[in-house]
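Asks: Input: one structure, supplied below.
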Amino acid sequence: MEPKGDIAVIGLAVMGQNLILNMNDHGFTVVAFNRTTSKVDDFLNNEAKGTNILGAHSLAEMVALLKKPRRVMLMVKAGSAVDDFIEQWLGVLEPGDIVIDGGNSLFQDTIRRTKYVESKGLLYIGTGVSGGEEGARRGPSIMPGGSPAAWPHVKPIFQAISAKVSDGSPCCDWVGEGGAGHYVKMTHNGIEYGDMQLICEAYQIMKDGLGMTADEMHEVFKEWNQGELESYLVEITRDILGKKDEDGQPLVDKILDTAGQKGTGKWTVISSQELGIPITLIAEAVYSRCVSALKDARVEAAKVFKPSNPKFAGDRKQWVSDIRKALYASKIISYTQGYMLMRAAAQQHGWNLNYGGIALMWRGGCIIRSVFLGEIKKAFDKNPNLTNLLLDPFFKKAIKSCARSWRKVVSAAVKKGIPAPAFSTALAFFDGLRSERLPANLLQAQRDYFGAHTYERIDKPRGEFFHTNWTGSGGRVASSTYTV
Ligand code: NBP
């Protein structure tokens, strides 16, 4: 009998199960497999009951159920489990078959695995899948990269199951070679950290600076979700603020204020350091989670340094409008930085990234989906070579119209001792970027003074380096010149 399976999905936790059900809804025959094989039977007897989903209890059985070229997709914990599976598969798959990793793998691992799997005659796809449980079931954002020859074989399945924007375009397209898909997913997660932190800072300023209740802020986020900030994260914040505990009190007020993280934000920041790209807002978002985790230290310090009166003076309605603008401007900076990072990574790794296409992939299905991403898509449609989002006329105008409120909110927060690290760093980055001259002249002089690191001069061509014997007692030998 001819095999019927279009694709196998390995890993029957929340993401794998929901992706399989989504694929089944779109008419694909999926073979389900899991390391703990009892979960295959559990799945077939419950969630998958009455569907066309097939179960496999061994890799050999899984392979026998698949049409050629075989498509096998991992939805397991990122890390060594992926390498272990690849090794096992190399023994049962054939040249031309396609190995897909849909977990949150580190992009360097995907670069390495793509080369390794290709060297064995197979094809590899490392893909970001975003949208959590609901996205996986109803339509995620999917960001595939790896072996270009694999894409035509996977495209019909991925584009069918992905989220769609209002004109029907799928939130899934080819991202690029090697680790490009996982890099874009990692950047997405970093931006997600930034968006969440910005919303949390707006919340804290409204709570502490304006003395607003969760119910009042629920109304504010409801209103914000009807304008330029309309997004999934603003929408869920609205709902969270409206949620009551069993005693009728807002549940959010009872949740311990220490945040966790799984590492993709950290990876984004590490990559930015390696590439020398200032994604200051995402970095602050990651560090803010670290500060939140220092609960005991914060409780102790609060006893000693508690701000006396954090309340803002003036009209509350006006402040809420100012906070909205500060959030919007800071968000523009965060995406500007995120796109700078992807551009630098693309240059380093030789990826031909389609920046408008990435905005479209993030426009629906994923956690950072928003109206705002539609504007980014338009900016890249108008100018595919746009090097800096801030230079697009739409964003230039938006930043200018928010600037006064942004400064007002950041200075009030600083004066009143309310932490607003992401709002502040966004403003500092903006001021740095628009400064034709920064104090790095002095910095270079310091470096040359103590380490003979040399400097360039404004009255000489770039690339010519000078060393000064600042004290009269130093030698004439300069250190080798380097830049970061
Ligand atoms: P988990 O990340 O919790 O992984 C559970 C699955 O991995 C199970 O099928 C488990 O098999 C399998 N597994 C583990 Br753990 N170690 C294994 C090993 N050494 N060898 C073989 N299989 C192993 O599941 P998830 O939350 O569904 O996420 C799946 C992937 O998707 C992850 O990479 C995750 O980062 C990514 N992701 C998750 C989300 C989300 O919202 N949860 C969103 C986007 C992406 P077992 O049943 O035998 O233990």
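What follows draws every value from the coordinates through simple rules; no lab data is involved. Quick caveat, the model's predicted, so the values are computed rather than measured. As a convention, Cβ positions derive from the backbone with ideal geometry for all residues, glycine included, and neighbour counts pool all protein chains shown.
Asks: Nearest 10 degrees, 0 to 90: what angle lies between the long axis of helix 264-275 and the longest principal axis of the chain (Cα atoms)?
Replies: Helix 264-275 and the main axis of the chain meet at about 60 degrees.
Asks: If I fit a long axis through the Cα atoms of helix 214-224 and take the longest principal axis of the Cα atoms of the chain, what angle between them do I get, 0 to 90°, rounded to 10?
Replies: 80 degrees
Asks: So what's the back-of-envelope 222 nm ellipticity for the chain, counting only DSSP H runs of four-plus at -39500 (n - 2.57) apiece and dividing by all residues, rounded to 500? Please list the in-between numbers first.
Replies: Details: 19 runs with 256 residues, N = 484.
That comes out to -17000 deg cm²/dmol.
Asks: Quick check on my link table: of K306/K408; K243/K306; K244/K378; K115/K378; K295/K331, which ones sit more than 31 Å apart, alpha carbon to alpha carbon?
Replies: Details: K306/K408 23 Å; K243/K306 29 Å; K244/K378 40 Å; K115/K378 35 Å; K295/K331 27 Å.
Long pairs (Cα-Cα over 31 Å): K244/K378; K115/K378.
Asks: Okay, next question. Just how large is the dipole of the chain about the Cα centre, in debye to the nearest 20, putting +1 at every Lys and Arg Cβ and -1 at every Asp and Glu Cβ? Present the calculation step by step, with values, prior to reporting the outcome.
Replies: Values: 58 positive and 52 negative charges, 276 e Å.
Dipole about the Cα centre, nearest 20: 1320 debye.
Asks: Turning to a different aspect of this structure: Could you please state, rounded to a whole Å, how far the C-alpha centre of the stretch 418-484 is from the C-alpha centre of the stretch 123-171?
Replies: After rounding, the separation between the Cα centres reads 45 Å.
Asks: Length gain on complete extension for the stretch V299 to N385, per 0.36 nm per residue less the alpha carbon to alpha carbon distance?
Replies: Between V299 and N385, full extension yields 26.1 nm more.
Asks: Looking at the stretch 392-484, which GluC sites (Glu not before Pro) are DSSP coil and have at most 10 other C-beta atoms within 10 Å of their C-beta?
Replies: The qualifying sites are E436, E464.
Asks: Sticking with this structure for a sec: Report the one residue of G190, T51, F423 whose Cα lies farthest in the direction of the positive end of the charge dipole of the chain (charges on C-beta: Lys and Arg +1, Asp and Glu -1; origin at the Cα centre).
Replies: Ranked along the dipole, the leading option is F423.
Asks: Please list, in chain and number order, the residues 5+ apart from G11 or on another chain whose amide H is under 5 Å from its amide H, with Hs placed from the backbone.
Replies: F33, N34, R35, M75
Asks: Same structure, new question: Straight-line reach only, C-alpha to C-alpha below 16 angstrom: list the lysines that K185 could link to, leaving out same-chain residues fewer than 8 apart.
Replies: K77, K262, K266
Asks: Among 241-252, 48-59, 405-416, how do they line up from the highest to the lowest mean number of other beta-carbon atoms within 10 Å?
Replies: 405-416, 48-59, 241-252
Asks: I've got another one for you. What is the helix-to-structure angle for 14-25, meaning the angle in degrees between its Cα long axis and the longest Cα principal axis of the chain, kept from 0 to 90 and rounded to the nearest 10?
Replies: Tilt of helix 14-25: around 60 degrees.
Asks: What ranking do T387, T29, T268 get, fewest neighbouring Cβ atoms within 10 angstrom at the top? Walk me through the numbers on the way to the answer.
Replies: Numbers: T387 11, T29 18, T268 27.
Starting with the residue having the fewest Cβ neighbours, the order is T387, T29, T268.
Asks: May I pose another question? For the pair A81 and H26, what calculated FRET efficiency results from E = 1/(1 + (r/R0)^6), where r is the Cβ-Cβ distance and R0 = 30 Å, to the nearest 0.05? Walk me through the numbers on the way to the answer.
Replies: Values: r = 27 Å, r/R0 = 0.90.
About 0.65, to the nearest 0.05.
Asks: Sticking with this one: What is the spin-label model distance, in nm, from K400 to D459 if the labels are put 7 Å beyond Cα along the C-beta direction?
Replies: So the two model labels end up 3.7 nm from each other.
Asks: Using a 10 Å cut-off around each Cβ, can you sort S435, S271, S479 from fewest to most neighbouring Cβ atoms? Present the calculation step by step, with values, prior to reporting the outcome.
Replies: On the way: S435 9, S271 23, S479 12.
With the sparsest Cβ surroundings first, the list reads S435, S479, S271.
Asks: For the chain, take every pair of Cα atoms, bin their distances at 20 Å starting from 0, and report each bin as a whole percent.
Replies: Using 20 Å bins, I get a P(r) of 21, 47, 27, 4, 0 for the chain.
Asks: Here is a follow-up. If the chain between D215 and E118 were fully stretched, how many nm would it gain, using 0.36 nm times the residue separation less the Cα-Cα distance? Write out the running numbers ahead of the final one.
Replies: Working: separation 97, 0.36 × 97 = 34.92 nm, distance 5.54 nm.
Fully extending the segment from D215 to E118 adds 29.4 nm.
Asks: Using C-alpha positions alone, give me the convex hull volume of the stretch 430-484 per residue in cubic angstrom. All intermediate terms of the calculation are to be shown ahead of the outcome.
Replies: Numbers: hull volume 5.5 nm³, N = 55.
For the stretch 430-484, the hull spanned by Cα atoms encloses 100 Å³ per residue.
Asks: Can you pull the semi-axes for the stretch 225-298, root of five times each eigenvalue of the Cα gyration tensor, sorted largest first, whole Å? Write out the running numbers ahead of the final one.
Replies: Working: eigenvalues 172, 76, 15 Å².
Working from the Cα gyration tensor, I get semi-axes of 29, 19, 9 Å.
Asks: So if we plug the beta-carbon distance of S38 and E134 into 1/(1 + (r/R0)^6) with R0 = 30 Å, what FRET efficiency do we get, rounded to 0.05? Present the calculation step by step, with values, prior to reporting the outcome.
Replies: Working: r = 26 Å, r/R0 = 0.87.
Calculated value: 0.70.
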